[in-house]
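Notes follow the structure.
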Amino acid sequence: MILSLRATATVAVLAVCALAVSGCGAPTRLADGSAAPPAAAQPTPQPLWPNWSQGARKRPAGDPAGKQPPPAPLADGPEVPEAGLAAVDPYEVLRADPRTKPFGKREKIHRPGQPGIRPPVLRDLTGDGSPS
């Protein structure tokens, strides 16, 4: 009986070793000498207002480590219509966020050097060709 348990254990250990050596992991379809799949290019940061980015601070004041909490949805934020984010009034967003509510009365500006609210800039984040 002891001999058969040892034999069974030995066979089990050898089977596990054989599976480990044979590479029974997730199939990657890579083999020696085969080409790797193409890598997708990672997006690079782009300034939202290129003419106004000269001399801009890299980190907000009071955030020396450069780590801000992630944004959270606004409880009283405006609904996004079918036309997308481009149709949302930026002043509604400012007034819905308690931290930016005081800025909701400032005027829109169209060039650097003036106090006010910069125009919204939308980027294509999904790759579908639409910025909203």
* Name the residues in the stretch 75-91 that are surrounded by 14 or more Cβ atoms within 10 Å (Cβ to Cβ), part of a loop (DSSP other than H, G, I, E, B) and of a type in the set (A, V, I, L, M), would you? -> 88
* Considering every residue within the stretch 92-108, establish whether at least one is part of a loop (DSSP other than H, G, I, E, B) and touching a strand residue (DSSP E or B) at 6+ places or on another chain (Cβ under 9 Å). => yes
* Asked: Taking into account only those residues within the stretch 92-122 that are open to solvent by less than 40 Å² (accessible area, probe 1.4 Å) and hydrophobic (A, V, I, L, M, F, W, C), which is farthest from residue 78 (Cα to Cα)?
  -> 109
* Asked: List, please: which pairs have Cβ atoms under 9 Å, are six or more places apart or on different chains, and start with a residue in the stretch 106-123 that is over 17 Å from residue 92 (Cα atoms) and among the polar types (S, T, N, Q) and end with one that is modelled with pLDDT of 85 or more and in a loop (DSSP other than H, G, I, E, B)?
  -> 114/107
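Within the stretch 52-73, does at least one residue satisfy the condition of being touching an Asp or Glu at 6+ places or on another chain (Cβ under 7 Å), modelled with pLDDT of 70 or more and not in a helix (DSSP H, G or I)?
Scanning the stretch 52-73 turns up no residue that is touching an Asp or Glu at 6+ places or on another chain (Cβ under 7 Å), modelled with pLDDT of 70 or more and not in a helix (DSSP H, G or I).
The values are calculated or read from the model by the stated rules, or taken from the named source; none is laboratory data. The structure displayed is predicted, hence computed values, not measured ones. Cβ: placed from backbone, ideal geometry, glycine included. Neighbour counts: every protein chain shown. Accessible surface is based on the protein model in full, side chains and every heavy atom, while ligands, DNA and RNA are left aside. Shrake-Rupley method; radii C 1.70, N 1.55, O 1.52, S 1.80 Å.
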